[in-house]
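Comments concern the structure below.
The values are calculated or read from the model by the stated rules, or taken from the named source; none is laboratory data. Since we're looking at a predicted model, the values are computed, not measured. Counting neighbours? That spans all protein chains shown, and the Cβs are built from the backbone with ideal geometry, glycine included.
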Amino acid sequence: MNQLRVLVMSPDEVARSATVSTLLLAGISARGCSTSLELFGLLGGDHFDAVALDIGTAGEIGYALVARLQGSAPLGIVVMGRNMSVDGRLRCLQSGADACLPDPQDPRELAGILLSLARRLPAPADLAPPESTGAAQWELRDQGWTLAAPTGTTLSLSANERLIVRALLEVAGRTVGRDALGDELRVEGGGARSSSVRSIDVIVSRLRRKAEQAGVLLPIRTVYGSGYLFTDQ
């Protein structure tokens, strides 16, 4: 059996380092990261057999992350979490986790679970190569209510998010000022939508967070003192 490769995600740097060190001592190739965005970036660039996730304080976002991982690749998924209740651990298992360890947990137990899990994971050679995405770009679908990434990942948009993304995509590569985005919200919303500078910043921030939870990096760049720029076209 090839050396098991594991990605450890934990916002706690001390706990993450201790876990990675213990896994290395157990003969497991381990690497750490602190956020879901880092996690998906590493998964997209390299092969890993399993992930160990510390989602004790993530709540619903943590369950969604487990479900996303379970549906995206043949990965072993082990969840760890401080102060996770029995109901919380059951939610993780129902979302697709293979095992869930309560805190405090001994990293040696995690290593044992991962090694046991490895016996039923497919070897890298058995995995089908990913399909080429060609020259795929970000695009709006479903009359603008769905934003699709080049990877195929889709984001459902709220009414305000839809208007802002549409305005930015129409002139991708050029900065759109906050005032212009505010006008877009006022015109399309009949004056009923919130269109202040602060509200636009909040909408974009929430949209970035939504993309991060889905495992993609939203290419909307802040142009300070001006507005926003959609860069990936």
* To do: Note down all Cβ pairs under 8 Å where the first residue falls in segment 55-67 and is within 12 Å of ARG89 (Cα to Cα), the second is assigned to a loop (DSSP other than H, G, I, E, B) and basic (Lys, Arg), and they're at least six residues apart or on different chains.
  => GLY56/ARG82
* Would you pick out the residues in segment 33-88 that are under 10 Å from the mean Cα position of the chain (by Cα) and either closer than 20 Å to LEU115 by Cβ or not assigned by TED's automatic domain parsing to the domain that holds PRO11 (or both)? -> LEU69
* Asked: Quick check: is even one residue across segment 20-30 outside any helix (DSSP H, G or I), within 14 Å of the chain's Cα centre (by Cα) and surrounded by 15 or more Cβ atoms within 10 Å (Cβ to Cβ)?
  -> no
* Return a yes/no flag: does segment 207-222 have any residue that is in contact with a strand residue (DSSP E or B) (Cβ under 8 Å, 6 or more places away or on another chain), modelled with pLDDT of 85 or more, more than 28 Å from ALA67 (Cα to Cα) and part of a loop (DSSP other than H, G, I, E, B). => no
* To do: Check whether at least one residue in segment 114-130 is at pLDDT 80 or above, under 30 Å from MET80 (Cα atoms) and within 24 Å of the chain's Cα centre (by Cα), and report yes or no.
  => yes
